[in-house]
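Below is one structure, written out as structure tokens; the observations come after it.
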Amino acid sequence: MTRLIRFNKPYNVLPQFTDRSSQDSPRATLSGYIDCPGVYAAGRLDRDSEGLMLLTDNGRLQSWITDPKHKMDKTYWVQVEGIPDAQALKWLAEGIDLKDGKTKPAKVRVIDEPPGLWLRTPPVRVRKTVPDSWIELTLREGRNRQVRRMTAAAGHPTLRLIRYSIGAWTLDGLAQGAWNDLEPPKVPGPPKPSRKPPRKPKASAPRPPASDRPRRR
């Protein structure tokens, strides 16, 4: 049976089960939190980001979750430096020019710090002379480090980044570093081939020899 789990990834944890690039000083990976053989991540979440990850043992489900054509919304809680004004929010919502092109329209709003938010280890470094604030940003695309690049281009560098939801799945009720099973959705796909044997073509009656055929007058 297909398995789908959600995981609240802590800060500084690689979004994979092994760390092959640093054998002398291994970094924290998913294997330190998830003891569930056969599952793998449906999408990535940067090491310095926190929040929701989905993992599955079904390749078709993994492709369905990550395929951009399904336009699955991803919502992030973003602590930024400074307080975005109306113009900065408009840039984020309408699209910002980045080195790899203009971003697609997004949903953005200023929010209070999410209630019950866990402390980050290590804590975020904030400047006493510069205020900080929180925004909620919902995207329908997934470029490399996109949220951080977008807020920086709008003049408000990201201090802390938490993915709250992927499609209908959220972090609600899930503690930092914890995971649990979800009900796998039915993935739409092409119809299954028929199991009925192919029909045999009907045998046609043999034609009489040319000498026996009636002549046309």
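General remarks:
- Derived scalar couplings between HN and Hα for the range 144-155 equal 4, 6, 5, 4, 4, 5, 5, 5, 5, 5, 7, x Hz in order, rounded to whole Hz, by the Karplus curve 6.51 cos²θ - 1.76 cosθ + 1.60 (θ = phi - 60°), x for Gly and Pro.
- In a DSSP loop and with at most 13 other Cβ atoms within 10 Å, the GluC sites (Glu not before Pro) in the range 51-157 are E141.
- Listed by chain and number, the aspartates and glutamates whose alpha-carbon sits under 16 Å from that of K69, ignoring those within fewer than 8 places in the same chain, are E141.
- Distance between modelled label sites at S31 and T121, nm, 7 Å Cα→Cβ extension: 2.1 nm
- The Cβ shell under 12 Å around N144 holds other residues with a net charge of +3, Lys and Arg each +1, Asp and Glu each -1.
- Near the amide H of A42, within less than 5 Å, lie the amide hydrogens of L54, L55, T56, all on another chain or at least 5 residues away, with H placed in the peptide plane.
- Taking amide H as placed 1.01 Å from N in the peptide plane, L4 has its amide H under 5 Å from the amide H of L182, each at least 5 places away in sequence or on another chain.
- Tensor-based shape of the range 45-155 (alpha-carbon gyration tensor, a/c under 1.5 rounded, otherwise prolate or oblate): oblate
- On the basis of the beta-carbon distance and an R0 of 25 Å, R145 and D172 show a calculated FRET efficiency of 0.45.
- Pair L98, Y40: separation of 7 Å Cα→Cβ label points (nm): 2.4 nm
- Look at where the Cα atoms of the range 108-144 and of the range 2-81 average out, and the two centres are 19 Å apart.
Just so you know, all these numbers are worked out from the coordinates, no wet-lab data involved. Please read all numbers here as calculations on a predicted model, not as lab measurements. Counting neighbours? That spans all protein chains shown, and the Cβs are built from the backbone with ideal geometry, glycine included.
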